[in-house]
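Here's the structure, in structure tokens; my notes come after.
The values are calculated or read from the model by the stated rules, or taken from the named source; none is laboratory data. Please read these numbers as outputs of a predicted model, since none were measured by experiment. Glycine gets a Cβ as well: all are built from the backbone with ideal geometry, and neighbour counts include every protein chain shown.
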Amino acid sequence: MNLIALKMLVGDRAKYLGIIMGITFASLLITQQASIFVGLMSRTYGFVTDLGQPDIWVMDPMVQFIDDIKPLQDTELYRVRGVTGVAWAVPLYKGLLKARLDDGSYQTCNVIGLDDTTLIGGPPKMIEGSLADLRRAEGIIVDHVGASSRLAKPAAEPGGQPTPLRVGDAIELNDHRAVVVGICEVSRTFQSQPVIYTTYSRAVQFAPRERKLLSFVLAEAADDVDPKDLCARITAETGLAAYLRDDFARMTVNYFMKYTGIPINFGIAVLLGFIVGTAIAGQTFYNFTLDNLRYFGTLKAMGAPNSMLLRMILLQSVMVGIIGYGLGVGAASLMGTLSSSTELAFKLTWHLLVISATAVTLICLFSAFISMYKVVRLEPAIVFKS
Amino acid sequence: MSTDSSLAVYCKGVTKTYGKGTAEVMALRGVDLEVKRGELLMLVGPSGCGKTTLISVIAGILNRDGGECAVFGTDFGDMRDHERTAYRGKNIGFVFQAYNLIPALTAAENAAVPLLVNGVKRQRAIDRAKDLLGRVGMQDKVNKPPSELSGGQQQRVAIARALVHDPKLIVCDEPTSALDHETGHHVMEILRSVALEDGRALVIVTHDARIFEFADRIAQMDDGHIVAVANSPRELKL
């Protein structure tokens, strides 16, 4: 009877495609919008997770997220180093500085100043040059997306392609000359500004003169010290806030979730996808069942128990669900792959696949349920009605 | 309840009412009817007289309100829903006016449906369905879908489907009304020759006077009653 159920489903091609389209649309919209949402949210803390090495981020207690810089006095670094259990602690500068481009325009850049000695906090992947090249005079490392887009040199001729910034090129950072010594790959930032790495001492020279310029202190716990306990100890002894890397990333995401309309906007899109998908798939599946009611009645008259008919409907529903889910997720993945070199934030995680599968399952169960209800209540005597 | 083993169908005082209150319609008002094994009985009468309701009750797809009704000694009134469904699946064959063949299936698959419903393995069911289709002259159409068959051919597939599981009773609702005279005659010849084997009984509801000659007996209904039973249409002045 399973084969009969599937043949009945596929036999009505228009409705079969209609149901699959509905589920595909829902699956695509839910997966795609959720992936963009996750991609966007992951950009908010990408800088934190890019820095693999330090366990602990120390900052002003009023900092709410990674870009909420509340500079510290340089002496705070020594206070952190003085806390028992800290293996090492290094300074980190993070700030927005203006770069002057060849055509005279300005571009705001995310400048990261790394500890001069250790260069801890550097980019996760170098494409050209090496991190040690930062020790060269006026050296900076630029992320490849920024180098080839916002910081690219204008085209020589009108309408031509801009020339990407290359190793050896010089730019002006806040009226200071800087020379590109490397190109790196980093996680995209939330505001998509170019990311420029340099040493801490050079970064504070580039930065506008202020009394406090230390953005964060990156610290590592000694081997036998629990990083969580160390955070508490740093806070207790210095009055500064100290977070584990993952906690700081989570805090950043939570800030954006709480204080921006992003989750609501994407949530609405996902919900709409779910509702529209449910409506299309549910309605079409129900119509398909109504169209086949005579045949279900015939099967019932011929001795098919309700359980058998329900299994048939469930199988039909599972079939369209699997196909629709596959097509929807496949299309979303394709869109993500095609947009990987663009500014579009897209991060498809296994969690989203599960969420999308759950949503599709709910749609299919709903569709099957309203059809099952009709079939269970069906009087087999309907078969004698012409 | 009759214990006469020669009876395929025994109905006594069967009543059935549709609706409630002012919308109440009494479709059967105490029907008495007997159908013997190996007999082809036709139920005739004007539209709305209760013919279809009566075969629905006899076939166990509609509950009666009162009276007695047994098929081969089995009273559906004593059964639970699932028992009645199982009994129908094994013992009753159906032929419908609109054929009710599933469009997405081939002739052989359609004819095999009752066996598949009864849990017979697919290949065995299809083989048996092909045998039956051969007996109704459809051996060269076994793989055709209903859309590629004429009305007469579809009804022959429906007859094969009604017989494929060797039911004891076959109920037919207007089996020839959608067919031309010649095709209707041919279908009835097949029904008579194939369906009445092995002591089966056949109850046919029809308006089609052209096929009365195939009946062993004709029961005339009017306003929810059997008003006359005769061996030929002439006796009933039809």
key: Residue count, the range A:167-188 (criterion: within 24 Å of A:L72 (Cα to Cα) and crowded, with 21+ Cβ neighbours inside 10 Å)   = 1
task = Could you identify the single residue in B:N110, B:N143, B:N100 that is surrounded by fewer than 20 Cβ atoms within 10 Å (Cβ to Cβ), in contact with a helix residue (DSSP H, G or I) (Cβ under 9 Å, 6 or more places away or on another chain), within 27 Å of A:D12 (Cα to Cα) and of a type in the set (S, T, N, Q)?
result = B:N143
request  = Please work out which one of (1) over 16 Å from B:V171 (Cα atoms); (2) more than 12 Å from chain A (Cβ to nearest Cβ) is the condition B:A112 fails and give its number.
outcome  = (2)
request  = Collect the residues in the range A:276-296 that are within 14 Å of chain B (Cβ to nearest Cβ) and of a type in the set (F, W, Y), keeping them in residue-number order.
outcome  = A:F288, A:Y295, A:F296
Check on B:R122, of a type in the set (D, E, K, R), crowded, with 20+ Cβ neighbours inside 10 Å and without any contact (Cβ under 8 Å) to a residue 40 or more places away in the chain = no
inquiry  = If a residue must be within 12 Å of chain A (Cβ to nearest Cβ), part of a helix (DSSP H, G or I) and out of contact with any helix residue (DSSP H, G or I) (no Cβ under 7 Å at 6 or more places or on another chain), how many such residues does the range B:115-140 contain?
reply    = 1
task = Could you check how many residues of the range A:216-269 are over 25 Å from the mean Cα position of the chain (by Cα) and surrounded by fewer than 16 Cβ atoms within 10 Å (Cβ to Cβ)?
result = 10
request  = Considering only the range A:141-247, give the strands (runs of 3 or more DSSP E) lying wholly within it that have at least 2 residues that are of a type in the set (G, A, S).
outcome  = A:176-185, A:216-221, A:241-244
task = Would you mind telling me which numbered condition in (1) within 12 Å of another protein chain (Cβ to nearest Cβ); (2) in a loop (DSSP other than H, G, I, E, B); (3) over 23 Å from B:P114 (Cα atoms) B:A27 fails?
result = (2)
Flag for A:L338 being surrounded by fewer than 19 Cβ atoms within 10 Å (Cβ to Cβ) and either more than 9 Å from every other protein chain (Cβ to nearest Cβ) or touching a strand residue (DSSP E or B) at 6+ places or on another chain (Cβ under 9 Å) (or both) = yes
ask   = On the given criteria, is A:L6 surrounded by fewer than 21 Cβ atoms within 10 Å (Cβ to Cβ) and within 14 Å of another protein chain (Cβ to nearest Cβ)?
value = yes
task = Take A:Y78 and decide whether it is assigned to a helix (DSSP H, G or I), away from every other protein chain (no Cβ under 14 Å), free of Cβ contacts under 8 Å to residues at least 60 places away in the same chain and out of contact with any Gly (no Cβ under 8 Å at 6 or more places or on another chain).
result = yes
query = Can you list the strands (runs of 3 or more DSSP E) found entirely within the range B:156-238 that contain at least 2 residues being aliphatic (A, V, I, L, M), under 15 Å from the mean Cα position of the chain (by Cα) and under 29 Å from B:G134 (Cβ atoms)?
reply = B:169-173, B:201-205
Residue list for the range B:151-203, restricted to those being surrounded by fewer than 22 Cβ atoms within 10 Å (Cβ to Cβ) and of a type in the set (V, I, T) = B:T183, B:I190, B:V194
inquiry  = Just to be sure I understand, how many residues within the range A:140-185 are of a type outside the set (V, I, T) and touching a Gly at 6+ places or on another chain (Cβ under 7 Å)?
reply    = 1
query = Restricting the range B:97-109 to residues that are facing chain A (nearest Cβ under 8 Å) and part of a loop (DSSP other than H, G, I, E, B), which is nearest to B:S177 (Cα to Cα)?
reply = B:Q97
key: Residue tally, condition charged (D, E, K, R) and within 14 Å of chain A (Cβ to nearest Cβ), over the range B:145-186   = 6
message = I'd like the full set of residues that are touching a helix residue (DSSP H, G or I) at 6+ places or on another chain (Cβ under 8 Å) and small (G, A, S), limited to the range A:1-36.
response = A:A5, A:G18, A:G22, A:A26, A:S27, A:A34, A:S35
remark   = Across (1) at pLDDT 85 or above; (2) assigned to a helix (DSSP H, G or I); (3) buried (at least 19 other Cβ atoms within 10 Å of the Cβ), A:G46 clears everything bar (1)
The range A:297-314 residues that are facing chain B (nearest Cβ under 10 Å), paired with ones that are surrounded by fewer than 19 Cβ atoms within 10 Å (Cβ to Cβ) and assigned to a helix (DSSP H, G or I) (beta carbon under 6 Å, 6 or more apart) = A:G297/A:I382; A:P305/B:H82; A:N306/A:V376
message = Residues to consider are A:F384, A:F369, A:F274, A:F285; find the one that is crowded, with 20+ Cβ neighbours inside 10 Å and out of contact with any strand residue (DSSP E or B) (no Cβ under 6 Å at 6 or more places or on another chain).
response = A:F285
note = Conditions (1) part of a loop (DSSP other than H, G, I, E, B); (2) closer than 25 Å to A:D291 by Cα; (3) polar (S, T, N, Q) -> B:S47 fails only (2)
key: Selection count, the range A:30-43, where residues are among the β-branched types (V, I, T) and buried (at least 24 other Cβ atoms within 10 Å of the Cβ)   = 2
query = on the phi < 0 side of the Ramachandran plot and within 14 Å of chain B (Cβ to nearest Cβ), is that true of A:V376?
reply = yes
note = Checked the range A:201-220 for anything closer than 11 Å to A:W57 by Cα and hydrophobic (A, V, I, L, M, F, W, C); matches are A:F216, A:V217, A:L218, A:A219
key: Tally, over the range B:57-96, of residues that are within 11 Å of another protein chain (Cβ to nearest Cβ) and either within 28 Å of B:Q154 (Cβ to Cβ) or part of a helix (DSSP H, G or I) (or both)   = 21
key: Selection count where residues are touching a helix residue (DSSP H, G or I) at 6+ places or on another chain (Cβ under 6 Å) and of a type in the set (D, E), scope the range B:23-38   = 0
request  = Collect the residues in the range A:49-71 that are closer than 29 Å to A:F266 by Cβ, in contact with a helix residue (DSSP H, G or I) (Cβ under 7 Å, 6 or more places away or on another chain), surrounded by fewer than 22 Cβ atoms within 10 Å (Cβ to Cβ) and not aromatic (F, W, Y), keeping them in residue-number order.
outcome  = A:T49, A:Q64
ask   = Are any of the residues in the range A:89-96 surrounded by fewer than 21 Cβ atoms within 10 Å (Cβ to Cβ) and closer than 17 Å to A:G113 by Cβ?
value = yes
